[in-house]
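Visitor: First the structure, which I've put down as structure tokens, then a few questions once you've had a look.
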Amino acid sequence: MSVDKLCQAIELILVDVDGVLTDGSIVYSNEGIETKQFHIRDGMGIRVWRNAGGRFGIITARNSHIVNLRAKELGIDIVRQGTANKAVAVREILAELHLTTDQLCYVGDDLPDLATIHLAGFGVAVADACEEVRQAAQYVTTAHGGRGAVRETIEVILKAQRRWDELIQSYAS
């Protein structure tokens, strides 16, 4: 099935954090405080997606206070941290939202994302994802994780749904 057809039903985008919303680096200060670097265009893409009525969430195996801060800043209300089995968490979220797997886009980069890539109606791998994830995905971004891959995914979906041009009009005037 073509990417355009796969994108038609998408209502929910779920993403991993490290390696997708970030470049995968984990930096600790001398005080032991973890920092992460997020790409501003990914944040803007998430805002456009949410303004279009789409749902957006984060699922990550790690726990990090900075993820909660970024989610709050972007108005992301679906945040699952410390999730060992992401596929189980995804099924729970879909059930809570009364959505099907066909309505889900999942963006991942590494082996813990493999089952969710297979589960999603539109499985996406970032450009620098491990080979197994890239092979399982229906779409591989040209952007690397933490470098606009989420924004690219959102644009692909909204353009396939023929909604992108209408949504960016408010920024053009």
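Visitor: Can you name every residue in the stretch 150-173 that is polar (S, T, N, Q) and under 17 Å from Val124 (Cβ atoms)?
Guide: Answer for the stretch 150-173, where residues must be polar (S, T, N, Q) and under 17 Å from Val124 (Cβ atoms): Thr153, Gln161.
Visitor: While we're looking at this one, here's another question. Name the pairs whose Cβ atoms lie under 8 Å apart, with the first residue in the stretch 158-173 and touching a residue at least 60 places away in the same chain (Cβ under 8 Å) and surrounded by 12 or more Cβ atoms within 10 Å (Cβ to Cβ), the second part of a helix (DSSP H, G or I) and acidic (Asp, Glu), and 6 or more positions between them or separate chains?
Guide: Taking only residues 6 or more apart or on different chains, the pairs are Ala160/Asp4.
Visitor: Another question about this same structure. Output the residues belonging to the stretch 118-173 that are part of a loop (DSSP other than H, G, I, E, B), among the small types (Gly, Ala, Ser) and either farther than 20 Å from Lys5 by Cα or at pLDDT below 95 (or both).
Guide: Ala127, Ala129, Ala143, Gly145, Gly146, Gly148, Ser173 - these are the residues of the stretch 118-173 that are part of a loop (DSSP other than H, G, I, E, B), among the small types (Gly, Ala, Ser) and either farther than 20 Å from Lys5 by Cα or at pLDDT below 95 (or both).
Visitor: Taking the stretch 69-119 as the region of interest, how many residues are crowded, with 16+ Cβ neighbours inside 10 Å and of a type in the set (Asp, Glu)?
Guide: The total comes to 3.
Visitor: Take the residues of the stretch 1-50 that are assigned to a loop (DSSP other than H, G, I, E, B) and among the hydroxyl-bearing types (Ser, Thr, Tyr): which is surrounded by the most Cβ atoms within 10 Å (Cβ to Cβ)?
Guide: Thr22
Visitor: Taking into account only those residues within the stretch 121-157 that are in contact (Cβ under 8 Å) with a residue 60 or more places away in the chain and of a type in the set (Gly, Ala, Ser), which is nearest to Thr101 (Cα to Cα)?
Guide: Here the answer is Gly121.
The values are calculated or read from the model by the stated rules, or taken from the named source; none is laboratory data. These figures come from a predicted structure and were not determined experimentally. Glycine gets a Cβ as well: all are built from the backbone with ideal geometry, and neighbour counts include every protein chain shown.
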